[in-house]
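Okay, so here's the structure we're looking at.
The values are calculated or read from the model by the stated rules, or taken from the named source; none is laboratory data. All of these numbers come straight from a predicted model, not from anything done at the bench. Backbone-built Cβ (ideal geometry, glycine too); neighbour counts: all protein chains shown.
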Amino acid sequence: MQSSNVRSKSQGIIITINVRWWNAEAAYAINLTRALTSRGNKIWLLVNKDSPVHIKALDYNIPVITDIELDSFSLIKQLSNLRKILKYIDLYKIQIIHSFKSNGSFLFSIARYLRPQLIHIRTRGEARPPKNHFLNRLSYEKKSCDGVIAVGNIVKTGINKLNAKIDQFETIYYGDSPVPYKPDLNRINHPLFKSLGPETITMALVGRTQDIKGHQIALKALAKIKSLKIHLFFLVKDLEEYPDELVNIKQIIEDEELGKQVTVTDFLPDLGDTLSLIDFGIIPSLASEVNCRVAVEFFSLAKPVIVFPTGSLPEVVKHNLSGLVCAHKTSDSLAESIQTLANRCDFRAKLAENALLEYQNRFSLSVLANKTLNFYKMCSPHS
């Protein structure tokens, strides 16, 4: 069962995420900030000015620091950055700096020596393992930080290959708030579902139309099943983002005569309403998948998920408990799993029940806060 909320006195924390785009690490950092703030901690987010992370932080009324240019290659600029970091540590009474992958993270290691009360935590949320060289190894060791968090065991394995002397090391999975939806909604009064028969089994693939997301494999799997009682939704944030891939998807739909079995949508402001009405999700991704955000969203709505054995997906989705992990990254394997969930109503219902429990016990913001605060205590020299 989910552990009770960790209670601790308010701490001053700077979380740094200086990426210039919106990605999995950025989402993790934002949600971690939200989770820790909900426990009364004072959080400042160090970001690149006007970046998507900066904009998202403002949406959540998160205080930001934008005058530190960690990406700079200038020694003079980095010395100036160090002075600013020390200024903020003193001004805001910062006790913890929690840095995600960033070009200037060595500055926090220096600040840790200049301010002995400071704890420096590193989180890695990238699928690609760190390059094995001296500086990377040093950046993860006790000399540079007090503890390291990996967002999945597959990420932890990559860090372990550095053979760094890490003092505290733990996997803490991505957490999120439940996807909002209208509980009184049903298929009859939803425009995407009302034309489907009541016995139609529906599934959804959420995300960009990049080849690695598996849309074409999903279509080929559906073509193998040849059942009008199974309907597939492609819920795409921006149909114009990858036009060539979209053309290929539409061509397969035409070639395989799947027009009545597939719905492709653009951005939906009420995505949660749509997801709440499907029977299960599919994530046939061929690469990456570290945070597995979409799987967590499905779980929060009590939806089981079929996934490929990619990245952290087999860690997040437990086979035969909260979903199915395909044996192979092929259309045949995906088709077999789809048929299993489509044909076994009682089994699907049990997986749905477990999926919600998995969200509550492993992937909620409360769990993210608990595990992170416990890790901070483990890394504190005064614990």
Worksheet item: Do we find that Glu199 is closer than 20 Å to Ile17 by Cα and of a type outside the set (Phe, Trp, Tyr) in this structure?
Response: no
Item to complete: Tell me, please, whether a residue that is assigned to a helix (DSSP H, G or I), over 16 Å from Leu286 (Cβ atoms) and without any contact (Cβ under 8 Å) to a residue 24 or more places away in the chain can be found in region 238-245.
Response: yes
Discussion item. Residues that are surrounded by 19 or more Cβ atoms within 10 Å (Cβ to Cβ) and either without any contact (Cβ under 8 Å) to a residue 12 or more places away in the chain or among the charged types (D, E, K, R) (or both): does region 110-118 have at least one?
Written reply: yes
Response to the item:
Screening Thr263, Thr200 for residues that are under 18 Å from Val294 (Cβ atoms), out of contact with any Cys (no Cβ under 6 Å at 6 or more places or on another chain) and modelled with pLDDT of 95 or more leaves only Thr263
Worksheet item: In region 68-83, what residues are crowded, with 16+ Cβ neighbours inside 10 Å and among the charged types (D, E, K, R)?
Response: Glu69
Worksheet item: Scanning region 350-383 for residues that are surrounded by fewer than 17 Cβ atoms within 10 Å (Cβ to Cβ) and polar (S, T, N, Q), which turns out farthest from the chain's Cα centre (by Cα)?
Response: Ser383
Worksheet item: Does at least one position in region 26-46 carry a residue that is more than 16 Å from Tyr174 (Cβ to Cβ), assigned by TED's automatic domain parsing to the domain that holds Thr171 and touching a Phe, Trp or Tyr at 6+ places or on another chain (Cβ under 8 Å)?
Response: yes
Item to complete: Would you point out which residue out of Lys156, Lys142 is surrounded by fewer than 20 Cβ atoms within 10 Å (Cβ to Cβ), in contact with a Ser or Thr (Cβ under 7 Å, 6 or more places away or on another chain) and in the same structural domain as Ala26 (by TED's automatic domain parsing)?
Response: Lys156
Response to the item:
Filtering region 196-208 down to residues that are without any contact (Cβ under 8 Å) to a residue 60 or more places away in the chain and either in a strand (DSSP E or B) or closer than 20 Å to Leu219 by Cβ (or both) yields Leu196, Thr200, Arg208
Practice prompt. Please note which helices (runs of 4 or more DSSP H) are completely contained in region 288-381 and include at least 2 residues that are of a type in the set (D, E, K, R), outside the structural domain of Leu32 (by TED's automatic domain parsing) and without any contact (Cβ under 8 Å) to a residue 60 or more places away in the chain.
Written response: 345-358
Discussion item. Step by step: first the residues of region 184-195, then only those that are charged (D, E, K, R) and free of Cβ contacts under 8 Å to residues at least 60 places away in the same chain, then the one that is farthest from Asp273 (Cα to Cα). Which residue is that?
Written reply: Lys194
Practice prompt. Take region 272-310 and flag every residue that is closer than 23 Å to Ala26 by Cα and either at pLDDT below 95 or among the basic types (Lys, Arg) (or both).
Written response: Ala287, Ser288, Glu289, Val290, Asn291, Cys292, Arg293
Worksheet entry | region 333-349, residues that are surrounded by 14 or more Cβ atoms within 10 Å (Cβ to Cβ) and charged (D, E, K, R) | Glu336, Arg348
Practice prompt. Could you please find all residues in region 209-237 being closer than 18 Å to Gly281 by Cβ, part of a loop (DSSP other than H, G, I, E, B) and free of Cβ contacts under 8 Å to residues at least 40 places away in the same chain?
Written response: Gln210, Val236, Lys237
Fill in: Criterion: under 27 Å from Met378 (Cα atoms), of a type outside the set (Lys, Arg) and at pLDDT below 95 - qualifying residue of Ala127, Ala35
Ala127
Worksheet item: Could you list, in sequence order, the residues of region 155-179 that are over 18 Å from Leu373 (Cβ atoms) and of a type outside the set (D, E, K, R)?
Response: Val155, Thr157, Gly158, Ile159, Asn160, Leu162, Asn163, Ala164, Ile166, Pro178, Val179
Discussion item. Only one of Asp71, Asp67 is over 20 Å from the mean Cα position of the chain (by Cα) and closer than 19 Å to Glu126 by Cα. Can you tell me which?
Written reply: Asp71
